[in-house]
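Data first, discussion second: the structure below is written as structure tokens.
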Amino acid sequence: MSGRIPKKRVLATVAAVMGIAAWQAPAASASVPLQYTTNRYVGSAVAAAYLASETDYRAVLTREFDNVTPENEMKWGTIEAVRGQYDWSGADAIVRYAQTHHKTVRGHTLVWHSQLPDWVGALPADELRRVLRDHVTTEVKRYKGKIRAWDVVNEIFNEDGTWRDTVFHQKLGEGFVADVFRWAHAADPHAKLYINDYNIEGINPKSDAVYNLVKTLRRQGVPISGVGIQGHLSIQYGFPGQYRENLARFAKIGVETAVTEADVRIPTPPDAAKLATQASYFGQLWDGCHAVRKCVEFTTWGFTDRHSWVPDVFPGEGAACLFDENLRPKPAYFALNP
Ligand code: 9MR
């Protein structure tokens, strides 16, 4: 993340030059928004609907973060649910918001087995390949110059490191990955291009598979710039082992890393002890990213417990975000911004 000066340091320097006493955070209330405390991009997933309808949601997002990731608006199932009928409205609204507020955008996601329209899955191999090339090219070109980084392929491996059985893998073979990176690069040569997955925070068979694939693709000259580590954690399962070592090994082979979807779910109801454990997990994710060269971004999967995918998918768990339902910062927030 060369070239970016920590904004907190800039503020301190300005204060020093002006003869103002060094800035001090009041106890338990950080008055410097998170985005100004770090030289990493700090982002959140965002939903266009809430951005339009909830003033307080929009205000906290604008204040705290300098990157946004559309939570669902750029997925194939959203933009082309019916073949040939495009709906860019949500994606356009988020990109417009980002441009107006000088925030970067992480595009999410071009190729994913989930939220994939049925018509795509039904195509024969040769047509699927053509349609996939069109899809990647059309979407990347539409936002050319406006997306800092794309999650090009999402969740292509199983937990044991074998390839996930998707229509793309079944019909096109492993080569579809190199193809989509090349098409995306041709459509926007300046965008960073990532592979993204969950349960690859630590060193394990799945992160080994990502590591080996990235090494191979780099050797073949495929334009892949980074690895997105989603960071969906639960306080029930312990913090992933060898997280920093994992980030470091990717840096060593020349690719960026980003924490792309961090949240830490807890069995509900939350209490002080659970929130403290959650804060420690968030802190470890954040600190590890800051400790490793080339970990350039820390993005959370939503910022408020008011809107989170967790309770829908994990009944009995929730409260996974940095801010509570009323947009009050939780202990986890103060672990990142003391
Ligand atoms: O948060 C997203 C939720 O609103 C959608 O219903 C869901 C669809 O599968 O996708 C969620 O986001 C996922 C992301 O796109 C990829 N990594 C896992 C995220 C949580 O499921």
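The values are calculated or read from the model by the stated rules, or taken from the named source; none is laboratory data. Here the structure is a predicted model, which is why all the values come from computation and not from measurement. Reconstructed Cβ throughout: ideal geometry from the backbone, glycine too, with neighbour counts over all protein chains shown.
Tabulated data
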| quantity | calculated |
| --- | --- |
| Filter pass, Pro124 being under 25 Å from the mean Cα position of the chain (by Cα) and either touching a residue at least 12 places away in the same chain (Cβ under 8 Å) or within 16 Å of the ligand (Cβ to nearest atom) (or both) | no |
| Filter result for the condition that a residue is more than 13 Å from the ligand (Cβ to nearest atom) and assigned to a helix (DSSP H, G or I), over Val140, Val105 | Val140 |
| Hits in the range 303-330 - residues which are more than 14 Å from the ligand (Cβ to nearest atom), out of contact with any helix residue (DSSP H, G or I) (no Cβ under 6 Å at 6 or more places or on another chain) and among the hydrophobic types (A, V, I, L, M, F, W, C) | Ala319, Phe323 |
| Selection from the range 279-338 of residues that are among the aliphatic types (A, V, I, L, M) and either at negative phi or modelled with pLDDT under 95 (or both) | Ala279, Leu285, Ala291, Val292, Val296, Val310, Val313, Ala320, Leu322, Ala332, Ala335, Leu336 |
| Members of the range 249-302 found to be surrounded by 21 or more Cβ atoms within 10 Å (Cβ to Cβ), more than 16 Å from the ligand (Cβ to nearest atom) and part of a helix (DSSP H, G or I), listed by number | Phe250, Gln278, Tyr281, Phe282, Trp286, Gly288, Cys289 |
| Pair list, Cβ < 8 Å and 6+ apart or interchain, from the range 33-51 residues that are under 19 Å from Asp263 (Cα atoms) to residues that are part of a strand (DSSP E or B) and of a type in the set (Lys, Arg) | Gly43/Arg106 |
